[in-house]
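Working notes, beginning with the structure itself.
All of the numbers you see were taken from the coordinates with simple rules; none came from a lab. Computed from a predicted model, the values in this text were never measured in an experiment. No Cβ is skipped: glycine too gets one built from the backbone with ideal geometry, and neighbour counts run over all protein chains shown.
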Amino acid sequence: MRRAAFAAFVAVFALPGHASTALSAEPYWPANAKVFFVEPKDGAEITGPVKAVMGAEGVEIAPAGTEKPGTGHFHILIDTDIPTGAQAEYPLPADDHNRHYGKGQTEATLTLAPGAHTLQLLFADGNHVPHEPALASKKITITVK
């Protein structure tokens, strides 16, 4: 039992970009970095599917698995909030609320149910870890007709 617990500890804390980095006092992302939606615009009314165009400044977009400082890839959070605290130490889940663009994509097509939705970009490292403070866009609201 002790070996399994030790192995789990090493697996989490020895991997670059995980909890030890996420909890450091230094920000993980460069100070001038920002991510934003080129489209859609906040308040847009859209007939689906929704085309999302993602932009970034101060960081390099790279595929998942890239372990180079200042690089990462996009995730779109749909109708959910940015993970904080302990949740920001681990890779983002891949589900209906957390869409991954780990090939370095800067455009996506979203199929969303009719109605109001919130969208937010979240930039994460090569291991899908968002870090804290998060490098995220402003949360926008769109309406799908």
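Straightening the chain between Asp42 and Lys139 buys 34.1 nm, computed as 0.36 nm per residue apart minus the Cα-Cα spacing.
Loop-located trypsin sites (Lys or Arg not before Pro) in the range 44-117 (DSSP state not H, G, I, E or B) with no more than 14 neighbouring Cβ atoms inside 10 Å: Lys103.
Note on Lys51: aspartates and glutamates with a C-alpha under 15 Å away, same-chain residues under 8 apart excluded, are Glu39, Asp42, Glu107.
Put in line by how crowded their Cβ is, counting other Cβ atoms within 10 Å and starting with the fewest, Tyr101, Tyr28, Tyr90 read Tyr90, Tyr101, Tyr28.
Of the GluC sites (Glu not before Pro) in the range 43-127, the ones in a loop by DSSP (not H, G, I, E or B) with at most 16 other beta carbons within 10 Å are Glu67. Ordering His73, His128, His97 by the number of other Cβ atoms within 10 Å of each residue's own Cβ, fewest first, gives His97, His128, His73.
A cut-off under 10 angstrom between Cβ atoms defines the neighbours of Pro83, and their net charge, with Lys, Arg +1 and Asp, Glu -1, is -3.
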